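See below for the structure under consideration.
The values are calculated or read from the model by the stated rules, or taken from the named source; none is laboratory data. The structure presented is a predicted model; accordingly, all values stated were derived computationally and were not measured. We place every Cβ from the backbone using ideal geometry, glycine too, and count neighbours over all the protein chains shown. Keep in mind that these areas ignore ligands, DNA and RNA; they rest on the heavy atoms of the full protein, side chains included. Shrake-Rupley method; radii C 1.70, N 1.55, O 1.52, S 1.80 Å.
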2 protein chains.
Amino acid sequence: MNIILLSGGSGKRLWPLSNDTRSKQFLKLLKDDQGNLESMVQRVYRQLREAQIEANIVVATAASQVDAIRCQLGDKVAIVEEPERRDTFPAIALSCAYFALEQKRPEDEVVVVLPVDPYADLEYFHTLKDMERAAEAGVADLILMGIKPSYPSAKYGYILPEIEPGSMCEEETGIYRVKRFIEKPSETVAEQLISYGAAWNGGVFAFRLGYLMETVRHALPEDMSNELSYSKIYENYHSLPKNSFDYEVVEKAASIAMLPYSGTWKDLGTWNTLSEELAESYIGMVTVGEEIRDTIIVNELSIPIIALGLSNMIVAASPDGILVSDKGKSSYLKPYADTVYERPMYEERSWGDYKVLKYQKTRSGERTMTKLLTLKAGQAISYRSHQKRDEVWIVTDGYGQLVVDNVMKTVRRGDVVYIRRGQKHALRAYEEQDLSCIEVQLGRELEENDIELHPWVWACEELYSERLA
Amino acid sequence: MNIILLSGGSGKRLWPLSNDTRSKQFLKLLKDDQGNLESMVQRVYRQLREAQIEANIVVATAASQVDAIRCQLGDKVAIVEEPERRDTFPAIALSCAYFALEQKRPEDEVVVVLPVDPYADLEYFHTLKDMERAAEAGVADLILMGIKPSYPSAKYGYILPEIEPGSMCEEETGIYRVKRFIEKPSETVAEQLISYGAAWNGGVFAFRLGYLMETVRHALPEDMSNELSYSKIYENYHSLPKNSFDYEVVEKAASIAMLPYSGTWKDLGTWNTLSEELAESYIGMVTVGEEIRDTIIVNELSIPIIALGLSNMIVAASPDGILVSDKGKSSYLKPYADTVYERPMYEERSWGDYKVLKYQKTRSGERTMTKLLTLKAGQAISYRSHQKRDEVWIVTDGYGQLVVDNVMKTVRRGDVVYIRRGQKHALRAYEEQDLSCIEVQLGRELEENDIELHPWVWACEELYSERLA
């Protein structure tokens, strides 16, 4: 089975924990079997292994999320990086092109598309295998997972199956032909639909690779569809229709079947729904007292929160800000979170993460940003220079290799490095432990895009092991 | 008039804004006539000037508060520093000794004792003048202010006056003789007392300087009372009875009179009472929405707070922590605040203030503390050395004079200084503007008391003006 994990857009519905670079799927708020905190994307990746699905997996995502995915899933996961954000059809098309044209997978293999964020149990992943079998057997061009609705929601799309006697695709597996789709009906209509056997469309699709490649060929300009290659599609990504998979593929399909799933399924997209599945009611430095009820508190800061006499509330604190909200009212958060946005104060990168500790501005307009950088053991900040700022690094933990203007040296706790504007610099943590340092940026303009990358080949492992000895 | 402003103990009833070094009287939460934020101590000091009281003022306080008082009231205010915390009688006794023996004030002058924290209006200060007149006229040994109770509180002490006809000291000024004192009665008893004309004891006393000096002489060991001097009393502070002024002086006085005051008077000692007088409902970076009612939010952090759907709540955030509490439940805060205490993350010093930005500990037990220091223009960090830590200073704003091991130089934004353990160092901001720097402390133990002070005479103003030119 080939699996496309769709790691979707960013947003602020879970502000201050989620922001424009840190999407909800990367928040470590759930708990694995060992009691460790894990994120939605880590959970789905773990569950795929636990369900013993032998799959060729790619994660389709935007450039802004690549670092976070590498940080959470490791270096080995294959990533299809969307050249720009263009909805789900182009993302799935590019991923299929990667399977067919880059990995040279046979076109009769099955592809399953899966969002990374739903909260489901292991049965959900076993259902994927049934979908694969149905697609292989040619039951229909497209097999959709139909999620048994737990209430008449007006937020989801509904799949209405043919329920007349004899209309089932396969009696024994319970696969239905699909009659039609209804997008976000009113609650009253939703109630009726459910009584007719309709299910929620959870965005899980199975199809043969060749079926989708045919659609891709049709979607591209005529002069391009000959001698297709992955890089050709990548470069012409902007010419693929900016449309959802549902509109571009599902609505045009000749035959569609639905495989029902009735286990746990939750969309943890808002504080209210997330609060039900949180690993613990209180995460981080939290002290509660005096009649606290039905309240969740997530504290990512290194200062304590004391909560007294709260009822039915959400408190969340991160380097980006603090939310204090009635649970019901938390769904109105987005417009407020959009107004306070300045810049992310915490980001995961491929090499580790950073936290902004302080941002200062002098009367004359000079700016200073103080950050804590943590490089994971063996990871490196790539060779770079800045035009508009000096940087001071004070190593506070671990040791590593520093390069400034092609001169390499070992640095360790207590070392201070002054990098002037224009100087090329890179830093790598040795394999043994993480390296942390305080970074003080000084300049009139401090922008993340003031960066020029330079090639640098790190000394081989032997060389720097030697230096350490 | 001589005035003793009693700047009382520290506490955590207003945590996270108040802590063991930052008492409630220093919190800038009130508003002056120009709309600027001011603290309780700044308010009382301003009101004394506005009431045109020509007074010789000293502030009696503990060593831990001297820096905060200098920072908020300026260099010129006289401070009597208590050698140790020993209740109100020794503090008032030492202050009177300062008037009589250090300033050589005549013993028939009147002294008025005033706490710094009640919230009152200007009439309160005019009442002080009436108390002075009554003490000068010899109406009684002690004149107390009787505050008209606004409700039968069980938290305060009550003064019961003689109300029989003809028992008034002075008919025209409304001064009563005091019959007796009742400390924290039940609410039922308080109600009765109020019906008999009792008033709250607000801790405001007037007496002749000589009267108290007599008490001081009696309170000291016999061999000491001859040839008294201020320094002698200061050095033997520990031998003064550790008792309140009420128990040591008021209860033993031969004649006591009460001067009523019926204007505004509030004890802003808890979040609940403070919330009524707060300059604004929302102070700092606060965004509110979605049906917020009867809620106060004070944000001293540099990240935003978003509040949705709150009712009757208190939210307060400072570098020490975050409080989210129901208003009524906020009076139960203290025991919880006591458990979370680690170290103050923000302190005002005579030279300015510091904020702790980050505290880190490595696996091997090495510690790092990153602070933002702000030196007020013209102020200096005194010459010092540390045995157990290195310090790195990165100047981020302004310029000043740095001394390391007796070598002086000018530093400015962008300069990095590495001070090794044992090295003597001092820093002074030039007169023109504040100086700020990021300080990174590195050591196995980072303690505020790891400090040795050394003498240093700063170069005269002319010299360093020259260096600047």
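Among the residues of the range A:271-291, not a single one is aliphatic (A, V, I, L, M), open to solvent by 50 Å² or more (accessible area, probe 1.4 Å) and over 30 Å from A:LEU27 (Cβ atoms). Quick check on the range B:93-108: of everything there that is farther than 12 Å from B:TYR234 by Cα and part of a helix (DSSP H, G or I), which residue is nearest to the chain's Cα centre (by Cα)? If we take residues in the range B:93-108 being farther than 12 Å from B:TYR234 by Cα and part of a helix (DSSP H, G or I), then B:PHE99 is nearest to the chain's Cα centre (by Cα).
Any residue at all in the range B:58-70 that's part of a helix (DSSP H, G or I), open to solvent by 50 Å² or more (accessible area, probe 1.4 Å), of a type in the set (A, V, I, L, M, F, W, C) and more than 21 Å from B:LEU274 (Cα to Cα)? Yes, the range B:58-70 contains at least one residue that is part of a helix (DSSP H, G or I), open to solvent by 50 Å² or more (accessible area, probe 1.4 Å), of a type in the set (A, V, I, L, M, F, W, C) and more than 21 Å from B:LEU274 (Cα to Cα). Could you go through the range B:316-323 and let me know if any residue there is among the hydroxyl-bearing types (Ser, Thr, Tyr) and buried (at least 19 other Cβ atoms within 10 Å of the Cβ). Yes - at least one qualifying residue is present in the range B:316-323. Just for the range A:392-414: of the residues that are more than 9 Å from chain B (Cβ to nearest Cβ) and part of a loop (DSSP other than H, G, I, E, B), which one is surrounded by the most Cβ atoms within 10 Å (Cβ to Cβ)? Residue satisfying both the conditions and the ranking: A:ASP405.
The criterion of at least 2 residues that are of a type in the set (S, T, N, Q) and modelled with pLDDT of 90 or more is met, among helices (runs of 4 or more DSSP H) falling completely within the range A:146-238, by A:187-195. Per the conditions (1) open to solvent by 50 Å² or more (accessible area, probe 1.4 Å); (2) in contact with a strand residue (DSSP E or B) (Cβ under 9 Å, 6 or more places away or on another chain), the sole criterion not satisfied by A:GLU431 is (2).
Can A:VAL417 be described as more than 21 Å from B:LEU357 (Cα to Cα), surrounded by 18 or more Cβ atoms within 10 Å (Cβ to Cβ) and within 14 Å of chain B (Cβ to nearest Cβ)? Judged against the criteria, A:VAL417 is not a match. Checking each residue in the range B:293-306 for being farther than 24 Å from B:PRO344 by Cα, in a strand (DSSP E or B) and more than 7 Å from chain A (Cβ to nearest Cβ) picks out only B:ARG293. Check A:VAL41 against each of (1) touching a helix residue (DSSP H, G or I) at 6+ places or on another chain (Cβ under 6 Å); (2) within 17 Å of A:ARG349 (Cβ to Cβ); (3) within 14 Å of chain B (Cβ to nearest Cβ) and name the one condition it does not meet. Looking at each condition in turn, A:VAL41 falls short on (3). In the range A:355-368, the qualifying residues are those that are more than 8 Å from chain B (Cβ to nearest Cβ) and either part of a loop (DSSP other than H, G, I, E, B) or over 27 Å from A:SER325 (Cα atoms) (or both), and the one that is least open to solvent (accessible area, probe 1.4 Å) is A:GLY365. If I ask for residues that are outside any loop (DSSP other than H, G, I, E, B) and more than 7 Å from every other protein chain (Cβ to nearest Cβ), which ones from the range A:307-327 would you list? Result: A:SER311, A:MET313, A:ILE314, A:ALA316, A:SER318. The number of residues in the range A:109-126 that are part of a helix (DSSP H, G or I) and open to solvent by 10 Å² or more (accessible area, probe 1.4 Å) comes to 3. Counting only residues that are facing chain B (nearest Cβ under 8 Å) and hydroxyl-bearing (Ser, Thr, Tyr), which one in the range A:328-348 is farthest from A:GLY284 (Cα to Cα)? Across the range A:328-348, the extreme among qualifying residues is A:THR339.
Among residues of the range B:212-230 that are without any contact (Cβ under 8 Å) to a residue 24 or more places away in the chain and within 23 Å of B:LYS252 (Cα to Cα), those with a beta-carbon under 6 Å from a residue that is of a type outside the set (D, E, K, R) and not in a helix (DSSP H, G or I) at least six positions away or on a different chain give the pairs B:ARG217/B:SER225.
Within the range B:420-448, the set of residues being part of a loop (DSSP other than H, G, I, E, B), in contact with a Lys or Arg (Cβ under 9 Å, 6 or more places away or on another chain) and away from chain A (no Cβ under 14 Å) comprises B:LYS424, B:GLU445, B:GLU447, B:GLU448. Residues in the range A:265-276 include at least one that is away from chain B (no Cβ under 14 Å), at pLDDT 90 or above and on the phi < 0 side of the Ramachandran plot.
Screening the range A:71-92 for residues that are assigned to a loop (DSSP other than H, G, I, E, B) and in contact (Cβ under 8 Å) with a residue 40 or more places away in the chain and picking the one that is least open to solvent (accessible area, probe 1.4 Å) gives A:ARG86.
Kindly indicate whether any position in the range A:382-398 is under 18 Å from A:CYS437 (Cβ atoms), in contact with a Phe, Trp or Tyr (Cβ under 6 Å, 6 or more places away or on another chain) and of a type outside the set (Lys, Arg). Scanning the range A:382-398 turns up at least one residue that is under 18 Å from A:CYS437 (Cβ atoms), in contact with a Phe, Trp or Tyr (Cβ under 6 Å, 6 or more places away or on another chain) and of a type outside the set (Lys, Arg). Of the set (1) of a type outside the set (A, V, I, L, M, F, W, C); (2) in contact with a helix residue (DSSP H, G or I) (Cβ under 8 Å, 6 or more places away or on another chain); (3) open to solvent by less than 10 Å² (accessible area, probe 1.4 Å), all apply to B:GLU102 but (3). Across the range A:283-292, the number of residues qualifying as within 12 Å of chain B (Cβ to nearest Cβ) and more than 18 Å from B:ILE314 (Cβ to Cβ) comes to 2. The residue that is least open to solvent (accessible area, probe 1.4 Å), counting only those in the range A:256-270 that are out of contact with any helix residue (DSSP H, G or I) (no Cβ under 8 Å at 6 or more places or on another chain) and not in a loop (DSSP other than H, G, I, E, B), is A:MET258.
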